[in-house]
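Accompanying notes for the structure given below.
Derivation of every value follows stated rules applied to the coordinates shown; laboratory data play no part. None of the values given here were measured: they were computed from a predicted structure. Don't worry about glycine lacking a Cβ; one is built from the backbone with ideal geometry, like all the others, and counts go over all protein chains shown.
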Amino acid sequence: MAAPCRRALPRRRHARRVALLLVAAVALSCELDPGGAPGAGDRVLASVIAIVDGDTIRVDLDDGATSVRLIGIDTPETDGPFTEEECFGADATRFTDAALAGRDVELEFDVERTDRFDRTLAYVWVDGTLFNERIVREGYAVLATFPPNVRYVDRLTAAQRQARHEQRGLWSGCPARDGS
């Protein structure tokens, strides 16, 4: 009776090894699949074709124009059909235009890919710099978190503290804004 137990143990080890190798192969193939849709943390290249306002841009992505809302920030509104100009709204739009118009950027996605207006949600990277953080640090935007998209909330919070402390941008002359 002892002999069958000895033979069963190596078979189980072999079966475990085969199962682990299969799991590893599947996981690796999923990571290397270039045809898969970008997920959280992935970056894709895009060309900025228009600036809507300080926190919304239009990019050429997948051979089509796509509206992109910058994650984690909010800029003052500009004058539009449904909004009135807010303090520093036009300045924020000009800042974004000067930094991004006509540029190739990288878009990084978080947990949710689109908002309720069907805009793509993304962090925008320019030459290795997180633009979402830069616009907050310069005082043209404030922190605006909408969980679960909070990957860079600590960086954005620190940028806002710095801008507020240094009285940069909208912190220098606009009526009190929400934020810390």
Margin query: At a threshold of 8 angstrom on Cα-Cα distance, excluding pairs fewer than six apart, so keeping six or more, what relative contact order does region 48-131 reach in percent?
Written below: 29 percent
Checklist line | Derived scalar couplings ³J(HN,Hα) [region 67-76; Karplus, 6.51 cos²θ - 1.76 cosθ + 1.60; whole Hz; x for Gly, Pro] | finding: 7, 10, 9, 5, 6, x, 9, 9, 9, x
Check: Most exposed first by the Cβ proxy, i.e. fewest other Cβ within 10 Å, how do Arg94, Arg155, Arg116 rank?
Finding: Arg116, Arg94, Arg155
Checklist line | Calculated from backbone phi, Karplus (6.51, -1.76, 1.60) coupling profile of region 115-126 in Hz, x at Gly/Pro | finding: 9, 5, 9, 6, 7, 5, 9, 7, 8, 10, 10, 10
Margin query: Can you sort Phe82, Phe146, Phe95, Phe88 from fewest to most other Cβ atoms within 10 Å of each residue's own Cβ?
Written below: Phe82, Phe146, Phe95, Phe88
